[in-house]
Amino acid sequence: MDLGLKGKVVVITGAAGIKGSIGETILQHLAAEGAIPAVIDRNDRGFAYIEELQKKGIDALFCKTDVTDPKQIEAAITQIAAKYGRIDALINNVGVNDGAGLDASYEEFMDSLKLNMVSYFVTVKSALPYLKASKGPILNIGSKVGLTGQGGTSGYAAAKGGVLGLTREWAVDLIKHSIRVNAIIIAESWTPAYDNWIKTLENGEEKLQSIVKKIPLENRMTTPDEIADTCLFTISERSSHTTGQFIFCDGGYVHLDRALLTE
């Protein structure tokens, strides 16, 4: 299916994670569709990723940015707009489950909110004039933690819950500009970070199997490729009348009856 993303300037935050991370996978899928990815991230890996794409003849841009700093986000959006003259879509993908729980300090809690939610607000606010001109969609990457809780991660849970609230609020605010705003909800996805976390546990393999058994569809984790495909479809014109939605790419993890899992 041609998603019609060829030549579209798509801003994506948090896409310079480890190879195989959700953000990096979305970046590669955007490039494969012929879009022009503009990456906003603080990690220097972004330079290598963009250089790799450019060597293949793919137009792309990396703006090294600490997204907890509003001025750096504004500067990145200005740089992107100066190079391309437009922004056709925005994917807010930053997310770190940082474990800022009830035992965290006020400062640690606020830092979690700044990274995982406030950065979304600042990025959208900065890009909005260009999105209004292009009627470009906004996609927020959410987490089941914002709906189900997890324990021990108050900052991340509050931030991801807030992202869902902002998704609906912006969908209402921007409908008069024909800007669609949606969120993808992720539950359990096998990423390098997840693999690293499992390896830190004394009973890691046992813990992994207990998690996988709770995923109704095929008792397996969602792949980053499946998430990327859902993201690209959602920002494309193939999804042209979808707005204000929470789209669950989770193998039924959040909603389906656990009676399905009875052996």
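Pull out all pairs, ordered by first then second residue, where Cβ-Cβ is under 6 Å, the residues are six or more apart or on different chains, the first lies in the stretch 169-196 and is within 17 Å of Ile141 (Cα to Cα), and the second is in a helix (DSSP H, G or I) and among the aromatic types (Phe, Trp, Tyr).
Sorted first by the residue in the stretch 169-196, then by its partner, the pairs are Val181/Trp170.
Among the residues in the stretch 239-261, are any surrounded by fewer than 15 Cβ atoms within 10 Å (Cβ to Cβ) and under 18 Å from Ala32 (Cβ atoms)?
no
Under the condition of being polar (S, T, N, Q) and under 20 Å from Gly146 (Cα atoms), which residue from the stretch 187-217 is modelled with the highest pLDDT?
Here the residue is Ser189.
Please enumerate the residues belonging to the stretch 236-263 that are among the hydroxyl-bearing types (Ser, Thr, Tyr) and either at pLDDT below 95 or within 15 Å of Tyr194 (Cβ to Cβ) (or both).
Residues satisfying the conditions are Tyr253, Thr262.
Scan the stretch 218-235 residue by residue and report those that are open to solvent by 40 Å² or more (accessible area, probe 1.4 Å), in contact with a Leu (Cβ under 9 Å, 6 or more places away or on another chain) and modelled with pLDDT of 95 or more.
Scanning the stretch 218-235 gives a single hit, Phe233.
Do we find a residue being over 30 Å from Tyr253 (Cα atoms), in contact (Cβ under 8 Å) with a residue 12 or more places away in the chain and aromatic (Phe, Trp, Tyr) anywhere in the stretch 150-157?
No, the stretch 150-157 contains no residue that is over 30 Å from Tyr253 (Cα atoms), in contact (Cβ under 8 Å) with a residue 12 or more places away in the chain and aromatic (Phe, Trp, Tyr).
Does at least one position in the stretch 233-241 carry a residue that is assigned to a loop (DSSP other than H, G, I, E, B) and among the aliphatic types (A, V, I, L, M)?
no
Tally time: how many residues in the stretch 244-256 are in contact (Cβ under 8 Å) with a residue 24 or more places away in the chain, out of contact with any Lys or Arg (no Cβ under 6 Å at 6 or more places or on another chain) and part of a loop (DSSP other than H, G, I, E, B)?
Total meeting the criteria: 6.
Tally the residues that are crowded, with 19+ Cβ neighbours inside 10 Å and closer than 23 Å to Val118 by Cβ, restricting the search to the stretch 44-67.
Of the residues in the stretch 44-67, 5 are crowded, with 19+ Cβ neighbours inside 10 Å and closer than 23 Å to Val118 by Cβ.
Quick check: anything in the stretch 183-200 surrounded by 13 or more Cβ atoms within 10 Å (Cβ to Cβ) and basic (Lys, Arg)?
For the stretch 183-200, residues surrounded by 13 or more Cβ atoms within 10 Å (Cβ to Cβ) and basic (Lys, Arg): absent.
Under 7 Å between Cβ atoms, at least 6 apart or on separate chains: pull out the pairs that start in the stretch 215-243 with a residue that is closer than 19 Å to Ser189 by Cα and end on any residue that is open to solvent by 80 Å² or more (accessible area, probe 1.4 Å) and not aliphatic (A, V, I, L, M).
Asn219/Lys213; Met221/Trp190; Thr223/Trp190
Can you say whether Ala76 is open to solvent by less than 60 Å² (accessible area, probe 1.4 Å) and at pLDDT 95 or above, as far as the supplied structure shows?
Against the criterion (open to solvent by less than 60 Å² (accessible area, probe 1.4 Å) and at pLDDT 95 or above), Ala76 qualifies.
Mind listing just one residue for me: the one in the stretch 150-182 that is in a loop (DSSP other than H, G, I, E, B) and open to solvent by 10 Å² or more (accessible area, probe 1.4 Å) and, of those, nearest to Glu107 (Cα to Cα)?
Gly152
Yes/no matrix, rows are residues, columns are (1) closer than 21 Å to Thr25 by Cβ; (2) acidic (Asp, Glu); (3) surrounded by fewer than 22 Cβ atoms within 10 Å (Cβ to Cβ):
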residue: Asp103; (1), (2), (3): no, yes, yes
residue: Met110; (1), (2), (3): no, no, yes
residue: Ile138; (1), (2), (3): yes, no, no
residue: Thr148; (1), (2), (3): no, no, yes
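The values are calculated or read from the model by the stated rules, or taken from the named source; none is laboratory data. These figures come from a predicted structure and were not determined experimentally. Note that we place each Cβ from the backbone using ideal geometry, even for glycine, and neighbour counts take in every protein chain shown. Note: areas computed on protein heavy atoms with side chains; ligands, DNA, RNA excluded. Shrake-Rupley method; radii C 1.70, N 1.55, O 1.52, S 1.80 Å.
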